Amino acid sequence: MKGSDIPHVEANYVDLGRAVGTVCDNAHRELANVLETLPSTPADVAKKQALLEVLVRARQEFVRTYVLTKWAKVSEDVTKCIDVVAWLHGQRNCFDNLNHMLVGLGRDLGAAKSRNPDLQTAVQVLTRGAPTTFGDHDMAPKKKLKPQTILRTLRDLNVLLSVQLAQSTDIPPQFKRYKIANGRATFTVANAFEVDVGIADDTLDGPFFFIDFRLLFGDRKELPPQTRGMLERAGNSALAQRGLSALYSLLMKFALNYKLALIYKQIMEMSKGLWSGTLRHRFYQERSLIALEYWVSQHATHRPKSTLEIGIFSESDLRIAVRWSRQGEEVPYSEHQIQFGGESTDVASLLEYVTTLHLKHIISCVYTKLRALLGDSSDMVSLCSDGHKLRFRLTSLRSTVFTVDRLTGKTVLENATSLILSAERSLNELVSRPDQAASVLFKLRLLSLENDIRTRACATGWTAQNVTLSTDEMKTHFGFTTRYVLFLRQPQWPSNWFVVVTVPEDGSLPLWWIAKLRVRKDTAWTAECMDRIHVNQDLDSLYDYELLTQMVTFASHRIVLHPILDELRAAKTPFRLLRSAQHTPVVAIDNSALVTSWSHSSLLILPEMSAGSMDMKLHVQGRAKTVMNLPSNDSIDFDASTGIYKLTLEGANTPGFSLVNKLKERLQQIEQIVSYIELIKDLGLELVTASMQQIKFKLGDAQVSVDIPSELNPNITLHLSPTDPHNIIHSYLQETLNSSGLRPVVWLLQTTRNLYTTLQKLQKTRGGDPEQLEKIISNLSISDLETRQKQLQPRLSIVPRSAAFVRLVYPGKMNIDVTLVRHSATLDGVKFFIKESPLELPPPPQPGQPPVAVPRKLQVWNGSVTPDVDVGKAVYLNDGIACEGDNVGKVLEWVDKQIGK
Amino acid sequence: MSDIKVTLAVEDRAENQDTLSISEIVPRIVAERKSFVDVTEESLLEEIANCVADSADDNVKDEVDEKPDESPFDQHRLKLLENVKAAYNESALALDFVSLLISSVRPTSASTSMSPHLKTHIPVGSLGADRVPAPQVANEPGVGIGWKIESLTNARDRLKTCASRLRTEAAKEKTYWAGVASIAATGEVLFKVRNSDTRGLGIKYGFGDAGSKYRDPGIGVLKRSATGTVDFEPKEEVQKKFVRVTIKSEEGEVTKSVSNVYTRDSKPPTDPTLAAIHETRHALFEEELFFEIAREARLLTSRKVTVADGAVTVDLGEGDMVVIEWVEVPEEPTTTFAPSLANLFVLALRLLLANAHRQQLEKMRTPPAPLQSKGGPNPNPPLPILRPLLAHILHKRLVSRARRSLYLLSTTHSGLSFEITTNNSTDKESSSLGRLMAAPVSNLKIKFSDKGNAKVVIPSPLQSHQSMFDVTMFKGTSQETVTSHTGFHELVELEEWVRWAADRSEPKKSN
């Protein structure tokens, strides 16, 4: 639909030409104006600026004129556009006017407005003649309610409440216990709070409202009014929104947090008092959590913490619970069963309980571990009855009690010694207590054992010395399990000898060793020899004084014996060392290399030392194969009944002492004696005495003794009794003895007995007694001696030339030679040849000529003279007589008689 | 108009409380009784019983007041309406007048409140007004004087009250400062306190200046009470407790002696403030004593000293125990000092704490040791209170045990003889504590016939670096040639050794 045309606007139209003209005129006038006024402007810049402004303005004008001229080409359209714009302006003015008119209308109508009629009051006024209840809009004070009314209301409320609560479905289980009285329902949550709730409505589903709240723990003081008001507001809003269960959770949270705050206060008090320094605590209020760390220690800072977390852990289960973390690991409830936060809120007793449990845990852990470590000797450790202490036997006399101080968590070892205290220190610095404590205690036991041995050893005169052995040495000598080594020595010992006590780590009994050490270049020592000492011991007698005293003897012996054993080893003599600390050491030697068959091969060597010095005697004990009745003396001791012989070697500790040589010497001596004795027995002689020095035996009527070579007297010597006829040939006999031994001597003595007896007799009768002669000579003066020389000169001299050859010299008459010849082929091959030997030897025969027979002076040799006495069997040999040993005396007497004629 | 009662006061209404609903009553109960909390059935019943007597009169009055109004309603209503109308008319006329008057100045705004009737009949702005010069008011000097007098009177009253208040204040200040002066005269240390929360006069009643390093420095504030007397308030609450020592025997079964003395003034000062200060100081001393003992006891745990159940228990061995507790001060303190063992014990403890204070003071006076980069000793080591006492007690017990067992040994070994001497040399410097301050040492000489003799040094049992029995054995009768030297920790060990040594020096004839 086409509307009416836009009205055409004709007003205010100006011709283009006029407009352009005006613009030009204007521009010209302005320019002229400027040009006129410029000279009055003082500053050059200002002049320029004024001119520029005029020009800019003129340019703008001309630009507009230019635009107009352009528009003039499309004047139709522009005219239309102007019409449209003019019309639109008109329209807008209409709306503006309308608006203004409406505002004015509203304002004008104000006077016509009338008040809202108070109908209610109007009705009251109409019906009663005066307004009643609500007329005052609660501005006027009301009359007080009568107590009777209130009482009745309360009773009504009681009924209403019981009905409502009975019907209610959202009562939380904690609110099941309630009491209705005084127009309110009182809900009681044990150990937490009591809340009074009322209703303000007689509808059965009306909202409850909060009346009162009481805490059922702590000092039960009235809450501060601010807190109470806040609680009431929060309670009412919770009741209005979500009912009783919301109220419960609100109040329970409040009560529990209040309780936590009280608990925290207790903790603060505690940490100021007796528990100071042992607790670390923090209260995370936003999380309703108290973190309480107990047994805080300055020493073991790396040890996992033991904490109690007291707080509310679950939104659904509102109660204070305790989470216990024992050294970093949480303990399940089933184990600790802590009841806290309900009836009991005493933190001190909670801590007591927890620390007791913790203590028991530690003790039982250590107990188990220690038993496992101790193995067989697990009876060393025992639990005290309440499980709070661990009694641990360290040594036979000493024991310690392991426990943990419940206040500080410090490990405590009772019966403090410096050693135990240092163990206590290291126990307190442990990171993980039960795991490592057992091994520390075990180590303590070893150390105590070592220390006890050291103490007792020192008490008996030993000195302990610090010696460092390299680990390799330790391993090679004592095995892998030995860590604790004690080096003991006696002051009089050579400086490199020690008795070593090792305490094995496996808990077995200590071992005893004797060691010779040597200092190396550095301070370390190295063992030259290390020998086990077998000790008959149990734990109690392990280190009693008896043992330690015996050990001195044993070890001293052993030290002195050591070079001897070395020598034996070097000499490759098989030997065995019989060791026992309770006795002196005994060396058993196989002496087969030293002695021949007469003795049993084993030889025991028992050392004996004088107390306090290193002088040592060696007692050697052997057993002869045959029982000999050798008399005992100080150097050798024969047991006649058993054949055991004992001999003693002295000076065994002097340097250069050689057991083998000495033994060889002494054994040879014995052997000699034994062989002599055997010989004597063989020969059927009667042994008078026998000793290591001498053998005395009976030879016929005479006694003969032989000195056995020894250290003092290295030669074997023959002793004859002074009256023995053999004295003449003593030196020859000695020579024989030296060269050929006793047997030929005895043989000679036996064989020549007759001869020398006769010779002695002859000398007595002829030559007088030499003793008598001596006496005479000694009584004479020198002059007398000369005068009596002739008279004194013996008529017979006996000149032995050897044991088997004797010359009888009849001075000036003749010489008779007696020779003993032995023919071994014949049974009685012993012959004596008695013959005359010429006084002067014939000149040596010329070669090729027969020797000239020497004329004999006696006529007896050829048998021409028959003996007047029975001389027994004799063979006449022209120049002599051969006879037997039995009758040689008689023959000689007869010959002597013949010479005497 | 006089028969219509128009009043702003609330008319007495015959409110029927019985008909009110619960939802109406409950808020009113809350409003009346401030809170529902205190409204109980019992209290209401009581109230009703109390009210019974008064209620009769009230009821009569109520009856009188509550007479029903008999006047006809319509009549009243018409009269009321007439009056209202007349009033309305009057006010409309007044409005018109004022509007017309204003319309000469502000025609548009005035015209809005003019009645249409006026507008149509009278042109706007037709009424003019002009200021009539006010007549000269006569100067009334009486009024001015009246005002002045009233103001002066007011000022005087105010000054009077100020003066009287100042006087009382001054009196209070005087009593306060007199009190402070009397306290200062007794030698108490007073100082200014300028904390954010407290300002005033502080008092050092504790032992900080005497060398104590206890956590509670013993600082209090002297406040002025409402009556002007000096009120003493310790900064930290000090419990009125004291240290009690109980000596028990037979494993704690039999109580031998209980201490009943504690630090207090023999003649308490008459001034209550001073008495309170003294009392608090003594309580602080007792508290410090107990906690220092407890702190020290932790060091002695391996010596059978335990801290449990709020008490320090010292096991002296052989069933004897000492229990140190911190207990409430009895209501009626004993006045006489009985020289019982426990009393003497606790006295020694107190002397030792005082002595420890003095030592610390001396230490504080000496220049400090150079700082160490790390470690270093505990800056606050426990004070020696229990240790000196225990050392002497245990030492004495040990020596007597040693004497007993050696005597028994000497009866069986004829060559054995012994002699014990305890080092009693007291240092004159610390004569008040006698030999307590010196570590106990005893020397024991044992003779084994002529063959040897031994010297045994028995040091303090609480030290740990040395053996309990330091034994040196000499040859012969002189002390020249040492044959052995060792240390034992237990009496049993010493006994065993002596037996062995005696046996060795004199072998039994039977063997």
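The values are calculated or read from the model by the stated rules, or taken from the named source; none is laboratory data. These figures come from a predicted structure and were not determined experimentally. For neighbour counting, all protein chains shown are included, and Cβ atoms are generated from backbone atoms with ideal geometry for every residue, glycine included.
For region A:8-32, residues that are surrounded by fewer than 12 Cβ atoms within 10 Å (Cβ to Cβ) and touching a residue at least 12 places away in the same chain (Cβ under 8 Å) total 1.
Against the numbered list (1) away from every other protein chain (no Cβ under 14 Å); (2) at positive phi; (3) modelled with pLDDT under 85, A:GLY277 comes up short only at (1). Between B:PHE290, B:PHE242, B:PHE285, the distinction of being among the aromatic types (Phe, Trp, Tyr), in contact (Cβ under 8 Å) with a residue 24 or more places away in the chain and out of contact with any helix residue (DSSP H, G or I) (no Cβ under 9 Å at 6 or more places or on another chain) belongs to B:PHE290 only. In region A:382-417, the residue that is farthest from the other protein chains (Cβ to nearest Cβ) out of those that are closer than 19 Å to A:PHE442 by Cβ and hydroxyl-bearing (Ser, Thr, Tyr) is A:SER382. Among the criteria (1) buried (at least 19 other Cβ atoms within 10 Å of the Cβ); (2) of a type in the set (A, V, I, L, M, F, W, C); (3) farther than 20 Å from A:THR278 by Cβ, the one A:LEU351 does not fulfil is (3). The one condition from (1) in contact with a helix residue (DSSP H, G or I) (Cβ under 9 Å, 6 or more places away or on another chain); (2) within 11 Å of chain B (Cβ to nearest Cβ); (3) of a type in the set (S, T, N, Q); (4) assigned to a helix (DSSP H, G or I) that A:THR203 does not meet is (4). Of the residues examined, B:VAL193 is one that is in a strand (DSSP E or B), closer than 30 Å to B:ARG224 by Cα and either modelled with pLDDT of 90 or more or not assigned by TED's automatic domain parsing to the domain that holds B:PRO269 (or both). Flag set for A:ALA240, criterion: more than 14 Å from chain B (Cβ to nearest Cβ) and not β-branched (Val, Ile, Thr). Being without any contact (Cβ under 8 Å) to a residue 40 or more places away in the chain, surrounded by 11 or more Cβ atoms within 10 Å (Cβ to Cβ), of a type in the set (A, V, I, L, M) and within 30 Å of B:ILE277 (Cβ to Cβ) is the requirement here; does B:ALA185 meet it? In short, no. Any residue in region B:388-396 that is at pLDDT 80 or above and under 30 Å from B:SER449 (Cβ atoms)? Looking for residues that are at pLDDT 80 or above and under 30 Å from B:SER449 (Cβ atoms), one finds at least one in region B:388-396, hence yes.
With respect to (1) surrounded by fewer than 17 Cβ atoms within 10 Å (Cβ to Cβ); (2) of a type in the set (Ser, Thr, Tyr); (3) at pLDDT 85 or above, the lone exception for B:SER442 is condition (1). Of the residues that make up region A:462-473, is at least one in contact with a strand residue (DSSP E or B) (Cβ under 9 Å, 6 or more places away or on another chain), surrounded by 21 or more Cβ atoms within 10 Å (Cβ to Cβ) and either within 20 Å of A:LYS369 (Cβ to Cβ) or within 14 Å of chain B (Cβ to nearest Cβ) (or both)? Yes: region A:462-473 contains one or more residues that are in contact with a strand residue (DSSP E or B) (Cβ under 9 Å, 6 or more places away or on another chain), surrounded by 21 or more Cβ atoms within 10 Å (Cβ to Cβ) and either within 20 Å of A:LYS369 (Cβ to Cβ) or within 14 Å of chain B (Cβ to nearest Cβ) (or both).
For (1) surrounded by 15 or more Cβ atoms within 10 Å (Cβ to Cβ); (2) among the polar types (S, T, N, Q), each residue gets a yes or a no:
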position	(1), (2)
A:GLN337	no, yes
A:LYS360	yes, no
A:SER364	no, yes
A:GLY375	no, no
A:MET380	yes, no
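A:ALA555 meets the conditions (1) within 39 Å of the chain's Cα centre (by Cα); (2) modelled with pLDDT under 70; (3) not hydroxyl-bearing (Ser, Thr, Tyr) in every case but one. The failed one is (2). Yes or no: region B:322-333 includes at least one residue that is under 26 Å from B:SER212 (Cβ atoms) and aromatic (Phe, Trp, Tyr). Yes, some residue in region B:322-333 is under 26 Å from B:SER212 (Cβ atoms) and aromatic (Phe, Trp, Tyr). For region A:145-174, taking the residues that are more than 7 Å from chain B (Cβ to nearest Cβ) and not in a helix (DSSP H, G or I), the one that is surrounded by the fewest Cβ atoms within 10 Å (Cβ to Cβ) is identified as A:THR169. A:LEU446 meets each of the listed conditions (1) of a type in the set (A, V, I, L, M); (2) outside any strand (DSSP E or B); (3) under 30 Å from B:THR313 (Cβ atoms) apart from (3).
Restricted to region B:222-301, the set of strands (runs of 3 or more DSSP E) holding at least 1 residues that are among the charged types (D, E, K, R) and within 14 Å of chain A (Cβ to nearest Cβ) comprises B:241-249. Exactly one residue out of A:THR307, A:THR345, A:THR278 is more than 36 Å from the chain's Cα centre (by Cα) and buried (at least 19 other Cβ atoms within 10 Å of the Cβ): that is A:THR345. Scanning region A:175-203 for residues that are surrounded by fewer than 18 Cβ atoms within 10 Å (Cβ to Cβ), out of contact with any Leu (no Cβ under 8 Å at 6 or more places or on another chain) and more than 20 Å from B:GLU42 (Cα to Cα) turns up A:LYS176, A:ARG177, A:ASP201, A:THR203. Determine, yes or no, whether B:ASP209 is farther than 17 Å from B:ASP271 by Cα, of a type outside the set (Gly, Ala, Ser) and touching a residue at least 12 places away in the same chain (Cβ under 8 Å). Yes; evaluated as a whole, the condition is true for this residue. Are any residues in region A:253-275 surrounded by fewer than 19 Cβ atoms within 10 Å (Cβ to Cβ) and closer than 30 Å to A:PRO207 by Cβ, and if so, which ones? Answer for region A:253-275, where residues must be surrounded by fewer than 19 Cβ atoms within 10 Å (Cβ to Cβ) and closer than 30 Å to A:PRO207 by Cβ: A:LYS253, A:ASN257, A:TYR258.
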